[in-house]
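Reviewing the structure listed below.
The values are calculated or read from the model by the stated rules, or taken from the named source; none is laboratory data. Just so it is clear, the model here is predicted, and its values are computed rather than measured. When we count neighbours, we look across all protein chains shown, and the Cβ atoms used for this are built from the backbone with ideal geometry, even at glycine.
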Amino acid sequence: MDRTACHALLANRNVRLYLGGQLVSLSGTWMQSVAQGWLVYQLTGSAFWLALTAVALTAPVCLLSLLGGALADRHDRRRLLIATQLLSLIPALLLGFLTRSGHVTPALIVALALLLGMINAFDLPARQVFWGRLVPAELLLGALSLNAVVFNATRVVGPVLAGGIIAAWGTASCFYLNAASFLIGSASLLAMGPQAGSLSYRSAKPTTSLLAELQEGLRFVAAEKESGLLLLLIAVISLFGIPFVPLLPLFADGILHVGPQGLGMLAASSGIGALAAALLLTLQREPRCKGRLVVASGLLFGICLLLFARSNQYYASLLALLFSGVGIVSLLALANCLLQHRCPIPLRGRVMGFYTLTLAGMAPFGHALMGLLAGTVGAAAALSLGSVVCLTAVLLTARPISRLA
């Protein structure tokens, strides 16, 4: 996307409202993510509990995201997102209260993470396809890139703020601020007006069952070999690569010895790289060889993750995470665009349900596996193995994926 297209997107009031709400809401989400991981580690000192908390947050996505995608194809996406934003503030408020009052336990944290994960299972597919209603098809990659800019800006802002807030006022403050951020996200969606989330391709209520619509989406993905390979690659990376995030407290405390502020910087470093990649995708013309860029991005992510796993130097670790962020956000943004362009508009919610399943739905298994490995052989060895598996998957799928335009 060139600068003219970028200006056209930002001239759209609904686009500005949505991005603004995302900026605030996701900053709060990242603050809670860092604070929650630090709290669990301080309470238990255990890789198992870190992994279990991450599993609780992501397991419902695995179980419910296909249903969430089907609902996004049937109902007003704006209303769905308003509902999920308002529901999400409940576990944040409860976690803040329990932490501040001294009644928080690892089991309660896991239970609240499970509740938030159930909400996310319906939020994420609707969020992925919401852009298709806000912008025309020729601006979709640009819109997804702008969304990635905001998402990854919050990956920088949220963890840095969390590190400072934890040190100054404690973890409970992060949870309360996250609850407030959901209110702002809801307000931005309300300000758009009802036309923003309506389904223009449906003039009547659906006559088929949810099960039939899920089967229709599955048949499409099974018939589209290239789409299936993209989803398979994302699933492997989600299983063996992306679960490095819950292990960061182990690296920060046990290997690099940098404390909560260093943990915030480690999380932010990956976000800075991701933000740089998203900005580049936003400001450049749409590439013609998206498949080749997906492969190159996957290789960059796997190599940098391996370098981070083997590093015991803080600044080298920051650099490796920075370039891993470049790789993963480029891969996901390009794969998302390819998937949406290759499927009919009425099926996008369900296809994005599969995308959410492979991206976030594999995470609970990845978190459990990496947590078990980290507890057995150490965090560095576990992440080294995961990065090698990611690199192998990229190489095995490189030829067919690289042919995609």
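Quick notes on this one:
- Here ARG100 fits the description: charged (D, E, K, R), on the phi < 0 side of the Ramachandran plot, at pLDDT 85 or above and surrounded by fewer than 24 Cβ atoms within 10 Å (Cβ to Cβ).
- Pick from segment 91-140, criterion out of contact with any Ser or Thr (no Cβ under 9 Å at 6 or more places or on another chain) and small (Gly, Ala, Ser), ranking: nearest to LEU283 (Cα to Cα): ALA137
- Restricting segment 196-232 to residues that are aliphatic (A, V, I, L, M), modelled with pLDDT of 65 or more and farther than 30 Å from ARG403 by Cα, the residue that is surrounded by the fewest Cβ atoms within 10 Å (Cβ to Cβ) is LEU211.
- Any hit, segment 367-384, residues being closer than 18 Å to MET118 by Cα and either crowded, with 24+ Cβ neighbours inside 10 Å or touching a His at 6+ places or on another chain (Cβ under 7 Å) (or both): yes
Rundown of residues vs (1) β-branched (Val, Ile, Thr); (2) at pLDDT below 85; (3) buried (at least 17 other Cβ atoms within 10 Å of the Cβ), yes/no style:
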{"residue": "PHE122", "(1), (2), (3)": "no, no, yes"}
{"residue": "ARG133", "(1), (2), (3)": "no, yes, yes"}
{"residue": "LEU146", "(1), (2), (3)": "no, yes, yes"}
{"residue": "VAL156", "(1), (2), (3)": "yes, yes, yes"}
{"residue": "THR171", "(1), (2), (3)": "yes, no, yes"}
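- Test: ALA107 is among the aliphatic types (A, V, I, L, M) and touching a Lys or Arg at 6+ places or on another chain (Cβ under 7 Å): no
- Out of LEU263, LEU281, LEU293, sole residue that is in contact with an Asp or Glu (Cβ under 8 Å, 6 or more places away or on another chain), in a helix (DSSP H, G or I) and either modelled with pLDDT under 90 or buried (at least 18 other Cβ atoms within 10 Å of the Cβ) (or both): LEU263
- Every listed requirement among (1) modelled with pLDDT of 80 or more; (2) within 18 Å of the chain's Cα centre (by Cα); (3) farther than 25 Å from THR44 by Cα is met by GLY69 save one, (1).
- Spans of helices (runs of 4 or more DSSP H) in segment 298-405 with at least 2 residues within 22 Å of SER269 (Cα to Cα): 314-341, 363-377, 379-402
- Residue match in segment 12-35 (condition: over 30 Å from MET370 (Cα atoms) and among the polar types (S, T, N, Q)): yes
- Which listed residue is under 22 Å from the mean Cα position of the chain (by Cα) and under 27 Å from PRO125 (Cα atoms), from LEU383, LEU357, LEU306: LEU357
- Residue, nearest to VAL157 (Cα to Cα), within segment 1-23, restricted to residues that are touching a Ser or Thr at 6+ places or on another chain (Cβ under 7 Å) and surrounded by 21 or more Cβ atoms within 10 Å (Cβ to Cβ): GLY21
- Failed item, numbered, when ARG133 is tested on (1) touching a Lys or Arg at 6+ places or on another chain (Cβ under 7 Å); (2) farther than 30 Å from HIS341 by Cβ: (2)
- Evaluation of ALA92 against (1) within 21 Å of ASN147 (Cα to Cα); (2) among the small types (Gly, Ala, Ser); (3) at pLDDT 90 or above (one fails), failing number: (1)
- Taking each residue of segment 322-335 that is hydroxyl-bearing (Ser, Thr, Tyr) and looking for partners that are surrounded by fewer than 24 Cβ atoms within 10 Å (Cβ to Cβ) with beta-carbon atoms closer than 6 Å, six or more apart or interchain, yields SER324/CYS304; SER330/SER297.
- Failed item in (1) within 22 Å of ALA54 (Cα to Cα); (2) modelled with pLDDT of 80 or more; (3) crowded, with 24+ Cβ neighbours inside 10 Å, with LEU334 passing the rest: (1)
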